[in-house]
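Student: Structure below; questions to follow.
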Amino acid sequence: MPSDHQNLFAFFEQDPEAADKVVFGRVSHADRRGFLRGAGLATMGAMLGAAIPFHRTMPAGLVPVAFARDEVLVGKDGLILLNDRPVNAETPPHLLNDAITPNDRFFVRNNGVVPENTSADGWQLTIDGMVDNPMTLTIPELRDQFEVVTLALVIECGGNGRAFFDPPASGNQWTYGAIGCAEFTGVRLRDVLQKAGIKDGVIYTAHEGADGHLSGDPDKKPISRGITIEKALTDNVLIAFAMNGTNLPVLNGAPLRLVVPGWPGSCSQKWLTRIWLRDVVHDGAKMTGTSYRVPNRPVAPGEEVADEDFEIIERMPVKSLITNPATGADLTDRRVPLRGHAYSGDRSIRNVDISIDFGATWMSAELDPPVNAGAWQNWRLEVTFPKAGYYEVWSRATDSAGEMQPFAIAWNPKGYLNNTMHRVGVRIA
Ligand SMILES: Nc1nc2c(c(=O)[nH]1)N[C@H]1C(S)=C(S)[C@@H](COP(=O)(O)O)O[C@H]1N2
Ligand SMILES: [Mo]
């Protein structure tokens, strides 16, 4: 497949013949004279889970919408596919209404190709680099040799909210849903590194996973990021082998991943095979250049910024989400139970304020404490809209350091860290 195509739909537009081969690979060309039949029809029907009554008028080269989405989002429910190669899919905010995000609603951000083998049997994690005792551990060894903990932890992509940048920033056009908070079970990265023995002079970790580069070149890695050793030694950074009480989904890094709450999702290496310690800032794939970096000073929208003026993103900013009601909802009851979450990297949330009058007045929401550091905090507020009409609900969180969500985006060239207030539009009948 050409690497520049955005998704199967675009692929069909660009090169219907090639796309046809990829999608209907098991059907020989001679079998398909303009419409599906025989084995091709049966295969397609089986994949769709239903017969196709109008198969005679279904043109060759037409990819069923349902098929395109299901094929790449196995085990996911209601996610919006932004790209299928690599797979990138976000969760609409109203599907993030649960206190803990279920596995089938947890977003997917891949930079490369999912590894073929994601079985826990025989999976190995190597800890090396600047350590006294390099180690290779299986998942049962991790479980046996270290304390196993379960923590609710947020993972948010650094580019969440990029879709709202003007001028636009290239990259996945995430709106709100490149975020989730799940209960991860695993061992602390700190405990494993301490057992390996951290040598003097270590300043950074470096992470590697088993996924392949999009080019197919086995010598290239899709992504290899790291974190400061200080962050690595905090007590809620996990090497996780379970998510919400079950195996990690394949798309979310099965059988083993890092979870680095509060920092860009890219730090949370999936399909984890190696962590090495370094005495320099890690320079792996997507660590250098302008990847996951922002200017070290405020810049005007559209301003050119020299590469040396970028710095690595560490903690993620204060943010909130409205998860009920869904934007665009038509509501008949004027009393509406608003709900959502709020979070701020390495900090807690002090309060969440809600406006239903375009920011003229604000009401304080009821806010739960985090179940543990690194979890989002749930908030709720019942409001009564005064009369029928269109309203916007705005949410604005303030964190423990007093930082508050802004109204406007602090623009940066790569479209990271958009933490503007969440706005949801509703009509009251
Ligand atoms: N091995 C590997 N780990 C990875 C990635 C990847 O492409 N490969 N993507 C990273 C990015 S950019 C993000 S935002 C998170 C997303 O985690 P999720 O797909 O489980 O939601 O995984 C990170 N870990
Ligand atoms: Mo990301």
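Student: Between Rg and the Kirkwood Rh of the stretch 319-428, both from Cα atoms, what is the Rg to Rh ratio?
Tutor: When Rh is taken as the Kirkwood radius, the ratio is 0.98.
Student: To the nearest 20 debye, what charge dipole does the stretch 319-428 have about its Cα centre, counting +1 at the Cβ of each Lys and Arg and -1 at the Cβ of each Asp and Glu?
Tutor: 180 debye
Student: Next up: If you place +1 on the Cβ of every Lys and Arg, -1 on the Cβ of every Asp and Glu, and leave all else neutral, what size is the dipole of the chain about its Cα centre, to the nearest 20 Debye?
Tutor: So the dipole magnitude of the chain works out to roughly 920 debye.
Student: Further, regarding this structure: Taking one equal scatterer on every alpha-carbon of the stretch 80-312, how large is log10 of I(q)/I(0) by Debye at q = 0.08, 0.14, 0.18 1/Å?
Tutor: -0.29, -0.91, -1.48
Student: Check which residues have an amide H placed less than 5 Å from Leu82's amide H, if you skip close sequence neighbours.
Tutor: Counting only residues 5 or more places away or on other chains, the set is Asn88, Ala89, Glu90.
Student: Going Cα to Cα from Lys199, which lysines come in below 30 Å? Please leave out same-chain ones fewer than 8 positions away.
Tutor: Hits, sequence-local ones excluded: Lys220, Lys221, Lys231, Lys270, Lys286.
Student: Can you tell which of Gly265, His207, Asn244 lies farthest toward the positive end of the dipole of the chain, using +1 and -1 charges on the Cβ of basic and acidic side chains (Lys, Arg; Asp, Glu)?
Tutor: Asn244
Student: Another one. Could you grab the relative contact order for the chain? Cα pairs under 8 Å, six or more apart, rounded to a whole percent.
Tutor: Once divided by the residue count of the chain, the mean separation gives 15 percent.
Student: Net charge near Tyr390, counting Lys/Arg +1 and Asp/Glu -1 over other residues with Cβ under 15 Å of its Cβ?
Tutor: Value of the local net charge: +1.
Student: Using a 1.4 Å probe over the heavy atoms of the protein chains, calculate the carbon and sulfur portion of the accessible area of the stretch 253-358 as a whole percent.
Tutor: 47 percent
Student: Follow-up. Can you check what the Kirkwood hydrodynamic radius comes to for the chain, Cα pairs only, in Å to one decimal?
Tutor: Hydrodynamic radius (Kirkwood, Cα pairs) of the chain is 23.3 Å.
Student: What relative contact order, as a whole-number percentage, does the stretch 319-428 give when Cα pairs under 8 Å and 6 or more residues apart are counted?
Tutor: 35 percent
Student: Hey, what do the phi angles of the stretch 100-112 turn into as Karplus ³J(HN,Hα) couplings, whole Hz, using 6.51/-1.76/1.60 and θ = phi - 60°, x for Gly and Pro?
Tutor: Taking θ as phi minus 60°, the curve returns 10, 6, x, 4, 6, 10, 7, 4, 10, 10, 10, 9, x Hz for the stretch 100-112.
Student: Going by average Cβ density within 10 Å per residue, which order do the peptides 334-341, 319-326 take, highest to lowest?
Tutor: Listed from highest to lowest mean packing, they are 319-326, 334-341.
Student: Okay, next question. Skipping prolines and chain starts, which residues have an amide H placed within reach, meaning under 5 Å, of the one on Gly129, given they are 5 or more residues away or on another chain?
Tutor: Leu277
Student: In the stretch 346-429, what chymotrypsin sites (Phe, Trp or Tyr not before Pro) fall in a loop by DSSP, with at most 11 other Cβ atoms inside 10 Å?
Tutor: When the chymotrypsin sites (Phe, Trp or Tyr not before Pro) of the stretch 346-429 are filtered for loop state and at most 11 Cβ neighbours within 10 Å, Phe358, Phe407 remain.
Student: May I pose another question? Return the aspartates and glutamates within reach of Lys195: Cα separation strictly under 18 angstrom, same-chain partners fewer than 8 residues apart disregarded; answer none if there are no such residues.
Tutor: Cα-Cα hits under 18 Å: Asp128, Asp132, Glu141, Asp144, Glu147, Glu230, Asp235.
Student: Report, ordered by chain and residue number, the aspartates and glutamates lying within cross-link reach of Lys414, taken as a straight Cα distance under 14 Å and ignoring same-chain residues fewer than 8 apart.
Tutor: Filter leaves Asp166, Glu303, Glu304, Asp307, Asp309, Glu311.
Student: A follow-up question, please. Using modelled backbone amide H atoms (1.01 Å from N, in-plane), which distant-in-sequence or interchain residues come within less than 5 Å of Arg274's amide H?
Tutor: Those lying under 5 Å, H to H, from Arg274 are Thr126, Glu208.
The values are calculated or read from the model by the stated rules, or taken from the named source; none is laboratory data. Computed from a predicted model, the values in this text were never measured in an experiment. Every residue, glycine among them, receives a Cβ derived from its backbone with ideal geometry; neighbour counts consider all protein chains shown. Note: areas computed on protein heavy atoms with side chains; ligands, DNA, RNA excluded. Shrake-Rupley method; radii C 1.70, N 1.55, O 1.52, S 1.80 Å.
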